[in-house]
Amino acid sequence: MTKLMGVAALVALLALPSVALGANGHGKRVGDAKRAARQQCNQERQQTGKPAFQQKYGKPHAFQHCVQQHLAADRAAAQACRGERRAMGVQAFRQKYGQPNAMVRCIRAKTG
């Protein structure tokens, strides 16, 4: 029971720093990012099969580990995009990635 509570607390703490991945209230929110990560993990588990999926992410809680890795990749991409936007300026950033949702497009470009 305490192990389950510890895992739940860890997942909650990992989710807190990424309240918003976009700038100025635009872009993917935590719920959207988690939903997308879950979808990616579901697809991966279906494509590779459950045994290979568990081997890749670790047998206990393989799905949770997969989701956490995808969320971490999204956070790293968002941080890189914020740095890129800061370095090149907002207008040039929007021109490079497109006017509506430039931050989301940048994150998608970096995560694949």
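A short reminder: the numbers here are calculations on the coordinates, not readings from a lab. Small disclaimer: the values here were computed from a predicted structure and weren't measured. Note that we place each Cβ from the backbone using ideal geometry, even for glycine, and neighbour counts take in every protein chain shown.
Within the stretch 77-106, the residues that satisfy the criterion of being out of contact with any Leu (no Cβ under 6 Å at 6 or more places or on another chain) and in contact (Cβ under 8 Å) with a residue 24 or more places away in the chain are Ala77, Ala80, Cys81, Arg82, Arg85, Asn101, Met103, Val104, Cys106. Against the numbered list (1) closer than 28 Å to Gln39 by Cα; (2) in a helix (DSSP H, G or I), Arg86 comes up short only at (1).
Taking the stretch 47-68 as the range and being out of contact with any Gly (no Cβ under 6 Å at 6 or more places or on another chain), farther than 18 Å from Gly31 by Cβ and not in a loop (DSSP other than H, G, I, E, B) as the test, the residues that pass are Gln47, Thr48, Lys50, Pro51, Ala52, Phe53, Gln54, Gln55, Lys56, Tyr57, Ala62.
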